[in-house]
Every structure is written in C-alpha cells, then in structure tokens.
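Here's the structure, in structure tokens; my notes come after.
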Amino acid sequence: MELNDLKYRVTAFVDGELTNEISKLELLQLIESNPELQAEFELQRFTKLITKNKCTFKPTPDSVKRRIIKQISPEENSFLRLFPNSKKFLSKPALAVSGVFAIIAILLFLIINKYSEKNDFNFAAEQNGPNNIFIQASTNFDNIIHGKLAPQILTDNPGNIKSFFEQNGVKYSTLVPQMENWKIIGAVVSEGAGEKFAHHVYSNKDGKLVYVFQVAKFYINKCQAAKLSNHLLNYLEAGNCYVSEAKGYVTLMKKMESNICTVVSNSSRNEIENLFCSK
Amino acid sequence: MFPLILAVIKSQNELYKEFEREALPHMDALYNFALRMTGDSDDANDLVQDTYLKAFRFFDKFERGTNCKAWLFRILKNTFINNYRKTNKEPDKVDYDEVENFYENVKPFSSDSAHLEKEIYDNLLDDEISRAISSLPDDFKTVIILSDIEGFTYDEIADFVDCPVGTVRSRLHRARKMLFAKLYKYASDKGYVKD
C-alpha cells in the first residue's frame with residue numbers, strides 16, 4: 001500500500017471512520033513503527049482537536065430568531081399560508097366583496113377555533129411536579145413574597161453573589177447582570193439530587209421583586225431536580241422568550257448564554273419582558 | 001368547507017410543532033456555518049432566514065428519521081450557491097498542487113511534538129483559529145467545519161459536497177494539514193514556537 005494511501009487512512013482513523021477492524025490494528029502497528037505516519041497521526045489528531053475545542057461559536061442574533069419564528073409560526077400567518085394568492089384575488093373588485101365576506105367568515109372561524117383549541121404556546125400547562133424548574137421558581141417566589149424563604153447572603157454586589165455561588169458548590173457559570181432601576185438584594189444556593197443551584201433576587205424602589213433561578217442547560221432533564229418539558233426546552237433553545245402570567249406574578253423563561261433562566265416577578269409583564277427578552 | 005379548513009389548520013399547526021422540535025434547535029449551527037461561508041454577519045442572517053423559510057415550506061418532504069441537521073445544511077448550501085455566492089464572488093478555485101507544496105513545507109511533528117502542540121493550543125486565541133479556518137479555500141473549509149465542528153460523518157459530508165467518500169477523506173486530510181500550517185505560522189510569527 002502506498003504511503004499516501006496510508007496517510008489518508010490515518011485521517012479516517014482519527015475520525016473514527018475506519019470501519020475494518022483488521023486494518024485498524026494493522027494501521028496502529030504501522031503508526032507506531034513509522035515516524036512519518038506517527039507525525040501524520042499527531043497532526044491530524046491535534047488539528048481536529050483544536051478546531052473542535054477552540055473555534056469561536058456565536059449564537060444566532062435574537063432578532064434573526066424572532067424574524068424566522070414570526071414568519072413560520074402558524075399564529076402569525078395561517079391565513080397567508082392558506083391563501084398565498086389572496087392579494088391578487090382581492091385586487092379584482094368583483095371578487096373583493098365576496099372575498100371580504102369569506103375572510104370575515106374565516107376569521108370568525110379562526111377566532112372560535114383559537115379559543116376552542118389548546119394554545120400552542122401555553123407551555124405552562126405542561127409543567128408539573130416539584131422537580132420542574134418552572135414550578136420550583138413559582139413556589140420559591142411565593143415563599144419569598146410570604147417571608148418563608150430568605151436570602152443566604154445579603155449584598156448588592158454581583159461579584160460577591162457569583163463568588164457565593166461558586167463557594168457553595170454551584171458548578172456552572174452564573175449570570176448576575178446589573179439592571180437599571182433594580183438593585184440586587186441577595187442570593188440563595190439550593191440543593192437537589194446532589195447538585196447545587198443558583199438563585200438571586202432584585203428589588204426596585206416600589207418594593208417589587210425580581211427573582212432569578214438559573215440552571216445550566218446541561219442539567220435540564222439530566223438531573224432529577226431540574227425537569228422541564230421538552231417542548232418548552234426546545235422553544236427556549238431556539239432563542240425564544242416564554243412569558244406567562246398567573247396569581248398576579250409574571251414568569252419568564254429564557255436561555256441566557258448556557259443557562260436556562262426562570263424569572264418570576266410581581267412587577268409588570270412589559271417591564272420584565274423589556275428587562276430580559278430584549279437582550 | 002369548515003371541517004376542511006380546520007383539518008388544514010390543524011395539520012399546519014402539527015407541522016409547525018414538529019418543525020419547531022426538529023429544525024429550530026440547529027439554528028446556531030447553521031448560523032455559524034453561514035457566518036464562515038459568507039464572512040459577513042448581514043449575509044449570514046439573511047442566509048439562515050432564507051434557509052429556514054425554505055426548509056419550513058418543504059418540511060413535508062423531509063424524510064422522517066433521517067438527520068434533520070444534515071438536511072438543513074444541504075438547503076443552506078443550495079441557498080448559498082444560488083443566492084449569495086452568485087452575487088458576491090465565484091467560489092475559490094483550489095489549486096491542489098499549490099496546496100500540496102504549501103503543506104509539504106510544514107515542519108512535521110517530531111519528537112517534541114507534545115511541547116509544540118501545547119504551545120500552539122495554549123497560546124493561540126480562539127479568534128485566530130477561527131480566522132485561520134475562514135481563510136482556507138471553500139472546499140477545505142467546508143469539510144473541516146462539517147467534520148470537526150459539526151460532527152457529520154463522511155457519508156453525510158459526501159452527500160453535502162456531492163463527492164465520493166474517498167474524496168472527502170483526502171480533502172479533509174489536506175485541509176487539516178493546510179490549517180495546521182496556518183496555525184503554525186501564526187504561532188511562529190508571534191514567537192510562541194521556535195523555527
């Protein structure tokens with residue numbers, strides 16, 4: 001076998017694409033005995049490794065994600081997709097009048113249908129069980145409001161909060177952003193299924209609270225204490241912000257860097273969306 | 001008519017839900033590939049958006065159980081060739097002899113290769129590595145990204161680049177040597193490794 005052919009086989013070996021077990025063994029022996037093949041093996045292996053580990057990875061801009069979802073979401077454009085030639089149709093006056101009646105009938109139908117069918121984005125209804133992070137966040141916020149859960153550290157310094165998380169066993173990287181008109185109050189580290197999780201709280205001058213529970217995406221549904229419905233997880237993974245309102249609180253979920261963050265607040269929905277969804 | 005409309009809307013909703021589950025999670029991978037292929041964030045934004053709109057339109061044609069990510073990448077490639085490369089530039093023509101000469105001059109790994117590896121790995125910045133990949137000819141850049149970053153198999157890459165598996169293997173082999181030469185040169189220029 002020619003040396004060049006052997007070198008190509010070394011590449012396939014590095015990529016785990018050498019399927020023939022015998023030639024794999026033979027190749028290993030050749031790599032060990034031939035310095036040129038050994039150098040080839042090292043170069044291929046190293047270049048693959050450095051590309052995989054050190055190549056920069058940028059998330060899709062939120063604006064692009066939102067634009068795409070807006071254009072394909074059935075809630076946004078059911079009518080246009082059902083009737084792609086509607087513009088041409090309505091440009092003819094004789095058809096326009098009957099067209100308008102038809103549109104009204106269809107819209108009425110869609111409205112009725114919308115209320116009778118399950119809301120596509122009503123992910124809150126899918127979340128259940130004490131280990132679900134959406135449920136945990138709501139319960140924790142309820143406990144904070146009623147004075148049953150107090151911060152373990154009181155500080156308005158984000159650096160101190162992050163150090164507190166690290167020192168108390170939170171293994172993932174945490175985000176403690178500073179937000180205009182909101183002051184950090186303190187933080188809590190909770191434990192579940194042998195893992196530690198980060199929580200922190202903000203307040204504003206009106207006494208409203210924002211509570212943030214962040215869990216590394218890696219833990220979701222892998223750790224028993226951090227469950228979330230796959231449907232909602234996929235929705236967040238796609239860069240969406242999910243917001244729901246219940247019991248006078250706003251709950252917002254968003255993937256921020258590599259964490260899934262659940263935010264609960266008794267402030268207005270608009271304000272919470274502006275704080276967390278616009279970033 | 002109403003039951004018919006109801007059925008169409010329901011099937012559209014189900015299709016969207018499936019698309020949301022199968023296709024949307026790959027958006028970041030597509031965006032990064034688009035960014036590397038176009039070299040421009042605005043073009044990458046448009047390319048990803050066009051790809052997803054096209055993919056959604058033809059999602060009923062997607063063969064269930066096959067690799068959705070690979071399917072999306074193929075749509076992106078075709079969109080790139082049809083809409084972007086045409087208006088921007090012709091693809092890089094790879095002179096394989098020149099590549100051969102280029103990487104034959106690379107200092108081979110020797111007995112101190114572990115030390116050399118460490119120097120390059122520890123000192124080169126992530127951006128420098130990304131820049132080195134971006135500067136590779138399109139054919140080489142594509143196979144490196146698909147194999148080493150996106151984790152596609154040789155079969156999937158062959159399907160993507162319309163080449164036999166053997167060509168993918170040899171192209172990948174050369175691409176890595178060329179990339180290594182560039183990384184070595186960066187490291188050498190910055191004094192991280194001694195010639």
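Does the range A:123-276 come out rounded, prolate or oblate, given a ≥ b ≥ c as the square roots of the eigenvalues of its C-alpha gyration tensor, rounded meaning a/c under 1.5 and, failing that, prolate meaning a/b above b/c?
Rounded, because the longest to shortest axis ratio a/c is under 1.5.
Provide the gained length on full extension for the span A:Glu166 to A:Ser278, in nm with one decimal, where the gain is 0.36 nm per separating residue minus the Cα-Cα distance.
37.5 nm
Once you put a point 7 Å from the Cα of B:Arg57 and another 7 Å from the Cα of A:Thr139, both along the Cβ direction, what distance in nm separates them?
4.9
A:Asn270 to A:Lys58: extension gain in nm, 0.36 nm per residue of separation minus the Cα-Cα distance?
Length difference between fully extended and current span is 73.5 nm.
Between A:Ile104 and A:Ala193, how many nm apart are label points set 7 Å from Cα along the C-beta direction?
Once both label points are built, they end up 5.5 nm from each other.
Which chymotrypsin sites (Phe, Trp or Tyr not before Pro) does the range B:26-72 hold that lie in a coil by DSSP with at most 14 other beta carbons within 10 Å?
Passing both the DSSP loop test and the Cβ count: B:Phe58.
Which of the residue pairs A:Lys183/A:Lys254; B:Lys77/B:Lys177; A:Lys54/B:Lys118; A:Lys65/B:Lys17; A:Lys52/A:Lys254 have a Cα-Cα distance greater than 18 Å in the structure shown?
Pairs exceeding 18 Å: A:Lys183/A:Lys254; B:Lys77/B:Lys177; A:Lys52/A:Lys254.
Gain in length, A:Leu18 to A:Glu257, computed as 0.36 nm per residue apart minus the alpha-carbon separation, to one decimal in nm?
Going from the current span to full extension adds 82.4 nm.
Within 10 Å of each Cβ in B:167-177, how many Cβ atoms from other chains are there, averaged over the peptide?
Mean inter-chain Cβ contacts per residue within 10 Å come to 6.
Go ahead and run the numbers for FRET between B:Glu14 and A:Leu175, Cβ-Cβ distance against an R0 of 35 Å, rounding to 0.05.
Using R0 = 35 Å, I get an efficiency of 0.50.
Please say if the range A:197-279 is rounded, prolate or oblate, where rounded means a/c under 1.5 for a ≥ b ≥ c the square roots of the C-alpha gyration tensor eigenvalues, and otherwise the choice is prolate for a/b larger than b/c and oblate otherwise?
Prolate.
Can you work out the FRET efficiency for the pair A:Gln29 and A:Gln71, with r the C-beta to C-beta distance and R0 = 51 Å, to the nearest 0.05?
0.35
With the Cα gyration tensor of the range A:3-54 giving a ≥ b ≥ c as the square roots of its eigenvalues, does the rule (a/c under 1.5 for rounded; else a/b larger than b/c for prolate; else oblate) give rounded, prolate or oblate?
Since a/c reaches 1.5 but b/c is at least a/b, the shape of the range A:3-54 is classed as oblate.
Since every read-out is calculated from the coordinates, none of them should be taken as a lab result. In this text, all values refer to a predicted model and were calculated from it rather than measured experimentally. Glycine gets a Cβ as well: all are built from the backbone with ideal geometry, and neighbour counts include every protein chain shown.
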